[in-house]
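Visitor: Pasting in a structure now, in structure tokens, and then I'll have a few things to ask.
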Amino acid sequence: MAFGKLFTSNDNPRSTAIKAVALANNIDLEIVIEDPKVGVSEEYKKVNPLGKIPTFVGADGFVLSECIAIAIYITSQNEKTTLLGKTKQDYATILKWMSYFNSEVLPSLGSWFQPLQGRIPYNKKNVEEAQAKALKVVSAVEAHLAN
């Protein structure tokens with residue numbers, strides 16, 4: 001039996017990390033594809049009236065939205081995981097980088113690539129500005145990894 005259901009859309013970048021930590025911790029998730037742009041199932045509307053992706057529903061009925069909270073919750077099911085660090089400082093640093101990717105990296109990459117993919121209207125000036133911002137926010141990650 002699956003640990004729970006993950007409601008997501010195809011190729012949702014905020015669900016990628018959730019699926020990865022579930023796999024790393026041998027936690028079985030039932031993936032339920034929803035597309036808020038064209039409409040969602042009645043089951044999904046009941047657990048998340050706002051229609052936000054992703055949303056987790058545990059086998060016990062526990063409902064959780066927001067990708068960082070879901071990833072932490074799923075990871076914490078493995079008492080021996082090293083993915084949450086060894087100290088409170090490790091844990092806080094992990095949360096910092098998760099938040100940074102969610103609030104800075106993903107939106108800037110999306111603003112850069114979605115017009116190139118035809119997902120949103122193309123505007124050269126906006127794409128160039130988004131590219132500059134994306135490169136700036138990713139450079140902070142590169143600098144951290146270089147240390």
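FYI, it's all coordinate maths here, none of it is from the lab. Worth saying up front: this structure is predicted, and the values here are computed from it rather than measured. Here Cβ is always computed from backbone atoms with ideal geometry, including for glycine, and neighbour counts include all displayed protein chains.
Visitor: May I ask for the distance between the Cα centers of the range 87-147 and the range 1-47, given as a whole number of Å?
Guide: The range 87-147 and the range 1-47 have Cα centres separated by 23 Å.
Visitor: Follow-up. Roughly speaking, what is the stretch gain from K80 to I33, that is 0.36 nm per residue apart minus the C-alpha to C-alpha distance, in nm to one decimal?
Guide: This chain segment gains 13.9 nm when fully extended.
Visitor: Hey, got the Cα dimensions of the range 88-146 along the principal axes, in Å, largest first?
Guide: 44, 20, 13
Visitor: Taking θ = phi - 60°, what integer Hz values does the Karplus form 6.51 cos²θ - 1.76 cosθ + 1.60 yield along the range 94-110, in sequence order, with x for Gly and Pro?
Guide: Running phi through 6.51 cos²θ - 1.76 cosθ + 1.60 with θ = phi - 60° gives 4, 4, 4, 6, 4, 5, 4, 5, 5, 9, 10, 6, 4, x, 5, 5, x Hz.
Visitor: What are the residues whose amide H is under 5 Å from the amide H of G85, where those residues sit 5 or more places off or on another chain and H is modelled from the backbone?
Guide: Those qualifying (amide H under 5 Å, at least 5 residues apart or on another chain) number zero.
Visitor: Along each principal axis of its Cα atoms, how long is the chain end to end? Whole angstroms, biggest number first, please.
Guide: Sorted from largest, the Cα extents of the chain read 49, 43, 21 Å.
Visitor: Then there's this: Between T16 and E66, what length comes free when the chain is fully extended (0.36 nm per residue of separation minus the Cα-Cα distance, one decimal in nm)?
Guide: 16.7 nm
Visitor: A follow-up question, please. Among A92, A69, G58, whose Cα lies farthest out toward the positive end of the dipole of the range 56-104, if unit charges sit on the beta carbon of Lys, Arg (+1) and Asp, Glu (-1)?
Guide: The Cα lying farthest towards the positive end belongs to A92.
Visitor: For the range 4-75, what is the convex hull volume of the alpha-carbon atoms per residue, in Å³?
Guide: So the per-residue hull volume is 77 Å³.
Visitor: Which lysines have a Cα lying under 20 Å from the Cα of K133, excluding residues fewer than 8 positions away in the same chain?
Guide: By straight Cα distance, K133 reaches K96, K124, K125.
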